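All remarks here apply to the structure that follows.
The values are calculated or read from the model by the stated rules, or taken from the named source; none is laboratory data. What you see is a predicted model; the values in this text were computed from it and never measured. Here the Cβ is made from the backbone with ideal geometry for all residues, glycine too, and neighbour counts use every protein chain on show. Heads up: the accessible areas ignore ligands, DNA and RNA and are worked out on the full protein's heavy atoms, side chains in. Shrake-Rupley method; radii C 1.70, N 1.55, O 1.52, S 1.80 Å.
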Amino acid sequence: QVQLVESGGGLVQAGGSLRLSCVASGSIFSIDTMGWYLQAPGKQRELVATITSGGVRNYAGSVKGRFTISRDNAMVSLQMNSLKPEDTAVYYCYAKIISSGNYPRPFWGQGTQVTVSS
């Protein structure tokens, strides 16, 4: 019953900016950590940024100083500045959620394509 709905992906020129947003909805008791992961073709899904319910942020080294993660309750956003072609990937919203059964579980969005042209 939980779903994560993403928006904001698209095509942008190198050096440009995008803002990704994700909203969690459904049968939610509480949300611990939310974040963003990326997956490039032929590679493992990897961390971009996370933020805890207390506001503690963690970033991949490759995006520090360029990306900013923020959160407002069940919404998480990723401001992406100074984009590079190597940022091109499918970006997935992530949330660790306690739902109806009171067990924390990972939930994933459908993914949104980010393409940075050179």
- Excluding exposed DSSP-loop trypsin sites (Lys or Arg not before Pro) (at most 12 other C-beta within 10 Å), longest clean stretch of the chain: 65-118
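At 1.4 Å probe radius, can you tell me the per residue accessible area of the chain in Å²?
54
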- Task: List the chymotrypsin sites (Phe, Trp or Tyr not before Pro) within the range 1-88 that fall in a DSSP loop (any state other than H, G, I, E or B) and whose Cβ has at most 15 other Cβ atoms within 10 Å.
- Result: Phe29
- Express the carbon and sulfur contribution to the solvent-accessible surface of the chain as a percent, rounded to the nearest whole number, probe 1.4 angstrom. 48
- Pair Ser82, Phe29: separation of 7 Å Cα→Cβ label points (nm): 4.3
- Note on the structure: Taking Cα pairs closer than 8 Å and at least 6 residues apart, the relative contact order of the chain in percent is 36
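Given +1 on the Cβ of Lys and Arg, -1 on the Cβ of Asp and Glu, and no further charges, what dipole in debye does the chain carry about its Cα centre, rounded to the nearest 20?
Working: 10 positive and 6 negative charges, 33 e Å.
Its charge dipole is roughly 160 debye.
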- Task: Tabulate in residue order the Karplus-calculated ³J(HN,Hα) for the range 57-64, using 6.51 cos²θ - 1.76 cosθ + 1.60 with θ = phi - 60°, rounded to whole Hz; enter x for Gly and Pro.
- Result: 9, 9, 10, 5, x, 6, 10, 4
- Task: Using a Gaussian network model of the chain whose springs link C-alpha atoms within less than 10 Å, name the residue from Pro104, Pro41, Pro85 with the highest mean-square fluctuation.
- Result: Pro41
- Item | Two-site label geometry, Ala74 and Leu47: point separation in nm, points 7 Å out along Cα→Cβ | 2.6
- Identify which of Gly101, Gly15, Gly35 has the largest mean-square fluctuation in a Gaussian network model of the chain, with springs joining Cα atoms closer than 10 Å. Gly101
- Note on the structure: Ranking Leu83, Asn102, Thr112 by how far each Cα lies towards the positive end of the charge dipole of the chain (+1 on Lys and Arg Cβ, -1 on Asp and Glu Cβ), the top one is Leu83
